[in-house]
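The numbers here are math on the coordinates, done by the rules we state, and not lab data. None of the values given here were measured: they were computed from a predicted structure. With ideal geometry, Cβ positions are generated from the backbone for all residues, glycine too; neighbour counts draw on all protein chains shown.
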Amino acid sequence: MKNTLFQTVGKTRIIPISLKILTIFVSLLLLSNFATNFINLKLSQRHIINLNNTVMVSLLKDVYIAAGNQSQILAFSGDKKEAVSSIARTAKKGFSLPNSLAFAFDSDGNILFFVCANETSFYNNFDFLKNGNDGSGEFDFLGEEKKIDKNGKEIERVHPFETKFTDEIALESVVSALNDGVLDGSLSFSCKNGQYFGVYKYQSDWSCFFVRAEKRTDTLRSNAILFGQISIVILLMIVVFLVAGLFMLKKILLNIKRITESLYEMQRGQKLDLIDLSTSPNDDVSYLACSFNSLSGTINNLLGIFQKFASKDVVARAYEERQIRLEGNQRNLTMLFSDIKSFTYRTETLGNDIIDLLNVHYDRVIHAVHESDGVIGSIIGDAILAIFGTAEEGKHKSLFALESAWNITRVTAELRERMKARRREIEKTRVLSEAEERVYKAVLIDVGVGIDGGNVFYGNIGSDEHMTNTVIGDNVNSASRLEGLTRIYQLPVIVSEYVRDEVLQSQKELGAEKFVFFEIDTVQVKGKTEGKRIFFPLDSQHTTQNDIENFSIYENALFDYYKGNWNESRERFSKCEVPAKTVFLERMGNKNAPDGWSGIWTMQTK
C-alpha cells in the first residue's frame with residue numbers, strides 16, 4: 001500500500017474516511033445553507049413587497065395631491081392636456097426599477113395618463129392598452145424629449161390618447177371595492193410584459209384610480225442576485241473550511257492511516273489473503289474493521305493450530321503472558337506411557353495406511369487423556385507420553401492418570417470389536433483372503449500402558465528459533481519401562497508403587513474406592529541397583545468377583561515366591577487364572593529358590 005491519497009486493496013480503491021466525512025459534512029452544510037437562504041428569501045419576499053408597497057404608497061400620495069391641485073387649475077385654465085401632463089410628470093418621479101410604471105384609469109377602464117421608466121421597451125410589449133373607439137388625437141408623451149435610435153432617427157412614439165385598462169379581473173376588483181366604499185389598496189395585474197403588483201387610490205376629482213406598480217420579476221431578480229451573491233460567499237467559505245477541516249481531520253486520524261498501512265504491509269508480507277471490500281464501504285475505517293475481523297479469525301485459527309501442537313498448559317500460559325520462554329523447573333508429576341504392541345508387523349502389513357490407523361487410534365487416546373485433565377507431552381510413532389498434574393493444584397494426578405489409562409484400553413478394545421464385527425459381516429458372504437487376513441490382524445490394535453510419577457524437570461527447551469515442551473527424569477523412563485513390562489506379564493496396565501500410594505490416598509480423600517491394586521512383581525530394571533515393586537490396578541467397576549479372587553490367589557503365590565517358598569508358590573500360581581503366572585512358572589521351573597534369594601528379578605533388557 002503506497003503512501004498515496006487513494007490506496008487500493010485487491011480491486012477496491014480505499015477512500016480515506018476523513019474525505020468521506022468532509023464530503024458528507026460539506027454536502028449537508030451546503031444543502032442546509034442554500035435551503036436556509038432560499039427559505040429566508042421566500043419568507044422575506046412578502047415583506048419586501050410590503051416595503052415596496054409602502055414606498056409606492058408614499059409616491060402615489062404625491063401623485064394624488066398633484067392630481068387634486070391640477071383639478072383646481074383645470075377649473076380656471078380649461079387646459080386638460082396640460083393638467084394631465086403635469087400629473088404624469090409628477091407620477092414619473094421616483095422610478096427606481098427598469099419596469100416601474102404609473103397610470104390612472106376610470107371605472108370603465110379608460111386611461112387618463114400612463115408613464116413608465118422604460119418607455120420604448122414597455123410600449124413594444126405592453127398589451128393591456130388598446131386603441132380607443134373615437135380615435136382622437138395622438139399621445140405626445142407629455143412633452144418628453146424625443147427618443148433617438150442608434151442610427152440617429154427619431155423613435156416613433158405614436159399611441160392613441162384614449163386607451164383602456166384591459167385586465168378585467170383587476171378592474172372588476174377595484175370597482176367592486178369602490179362600490180363597497182374602499183378607496184385604496186393593493187393591485188395585481190398581468191400583461192404581455194409580465195406580472196405586476198402595486199397600490200392604487202381613487203381620486204374623486206378625476207373619478208379615476210391612480211396606480212403605482214412594479215414588475216414582479218424586477219423584485220425577484222434582485223432576490224436572485226442577492227441569493228447568488230450569498231451562494232458565492234458560502235462556496236468560498238466552504239472551500240476554506242474544507243481545506244482547514246481536511247488538514248485537521250488528517251492530523252486527528254493519522255493513527256488510522258498508520259494502522260491501515262501497517263496491516264496491509266503485514267498481510268502482504270505474510271502472504272495472507274487481502275481483505276475483500278467488494279461488499280463493504282471502501283474507506284479506511286471499513287478496511288480497518290474488516291482487517292481486525294480477518295485477523296481475529298486468523299488468530300483464532302492459529303491458536304487452534306497452536307493448541308494442537310502444544311500442551312494445554314503451555315497454550316494457557318502463552319495466552320496469559322503473551323510469550324513463551326525457555327524455562328522449566330522441578331515438578332511432581334505423573335507420567336503415562338502408552339505403546340502399540342507388535343507395531344513393526346502392523347507397519348509392514350499396512351504400509352502407508354498405518355498413518356490412517358494411527359490417526360483413528362490417537363483420536364480416541366488423546367481425547368481420553370484430555371478428558372482426565374492430562375496433557376500430551378509427545379507422540380513418538382506408535383507411542384504417546386501423557387503428563388498429569390501440570391495444573392497449579394495438581395491434586396489427584398495419579399488417579400486421573402489411571403482413569404485415563406483404563407479409558408485408553410477400553411477405546412482400543414472397542415476399536416478391535418468394531419473390526420471383529422466387520423469381519424463377521426464379511427464372512428457371511430465369503431471367506432477372507434490371506435492378504436485380508438493379514439490386514440485384519442494388523443488393525444487389531446492392542447496397547448500397553450505404564451504409569452509412574454515423581455519429581456521431574458518440566459518446561460521448554462530448545463532455542464529462540466525452535467523449542468519444545470518436554471518432561472525429563474528417571475520416572476519418565478520408568479513409565480516407558482513399565483509399559484514394556486505389560487508385554488511380559490500380559491497385563492494392559494502396570495503402575496509403580498508411587499502411583500498406587502497416591503491413588504489410594506486420593507480415593508480415601510474422595511471417599512470412593514474405584515481401583516484395587518495387586519502386586520505383580522518386584523523388578524530391577526537395567527541400569528538400576530534397587531528393585532521396584534510394580535502393581536496391576538484392577539478397575540472394580542468393570543470386573544467380576546472371580547477376577548478379584550484370581551488376583552488374590554496370584555498375590556499369595558507371589559508372596560511365597562518372594563520368601564523363596566517356590567514349591568508352595570508354584571502350586572498357588574497353578575490354581576489362578578492370571579496370565580502373568582506363566583512368567584513365574586517359567587522362572588522357577590522345577591527348581592528351588594537360589595541361595596541368597598532376595599525376591600527381586602533383574603531385567604536384562606530395558
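What FRET efficiency, computed as 1/(1 + (r/R0)^6) with R0 = 25 Å and r the Cβ-Cβ distance, is obtained for residue 169 and residue 108, rounded to the nearest 0.05? Show your work: numbers first, answer last.
On the way: r = 15 Å, r/R0 = 0.61.
The pair residue 169/residue 108 has a calculated efficiency of 0.95.
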Residue 565/residue 487 FRET efficiency (R0 35 Å; Cβ-Cβ; nearest 0.05): 0.80
Kindly write out, for region 433-448 in residue order, the coupling ³J(HN,Hα) from the Karplus curve 6.51 cos²θ - 1.76 cosθ + 1.60 (θ = phi - 60°), rounded to whole Hz, with x marking Gly and Pro. 6, 5, 5, 5, 5, 5, 5, 4, 5, 5, 8, 7, 5, 10, 10, x
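Taking 0.36 nm per residue of separation and subtracting the Cα-Cα distance, what length does fully extending residue 344 through residue 380 add? Intermediate values should be presented prior to the final figure.
Working: separation 36, 0.36 × 36 = 12.96 nm, distance 1.39 nm.
Net length gain for the segment: 11.6 nm.
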7 Å from Cα along Cα→Cβ at both residue 455 and residue 429: what's the point-to-point distance in nm? 6.4
Taking amide H atoms as placed 1.01 Å from N in the peptide plane, list the residues 5 or more away in sequence, or in a different chain, whose amide H sits under 5 Å from that of residue 341. 446, 447, 448
Whole-Hz ³J(HN,Hα) from phi, Karplus 6.51 cos²θ - 1.76 cosθ + 1.60, for region 540-551, glycine and proline x: 5, 7, 10, 9, 10, 5, 4, 5, 5, 5, 4, 5
Tell me, how many Å apart are the Cα centres for region 90-104 and for region 410-470? 115
Two pseudo-spin positions, 7 Å from Cα along C-beta at residue 237 and at residue 352, lie apart in nanometres by 7.8
Just how large is the dipole of region 458-606 about the Cα centre, in debye to the nearest 20, putting +1 at every Lys and Arg Cβ and -1 at every Asp and Glu Cβ? 540
Taking a threshold of 28 Å on the Cα-Cα distance, which of the pairs 514/575; 514/563; 532/581; 508/581; 81/164 fall above it? 514/563; 508/581
Mind checking the full-extension length gain between residue 422 and residue 524? Use 0.36 nm per residue of separation minus the Cα-Cα distance, one decimal, nm. 32.4 nm
Could you check the spin-label model distance between residue 176 and residue 247? Points 7 Å from the Cα along Cα→Cβ, value in nm. 6.5
Please list the non-local residues whose amide H lies under 5 Å from the amide H of residue 521, H modeled 1.01 Å from N, same-chain partners needing a gap of 5 or more. 534
Students often check this: by mean Cβ neighbours within 10 Å, which of 169-179, 587-597, 476-486 ranks highest, and how do the rest follow? 476-486, 169-179, 587-597
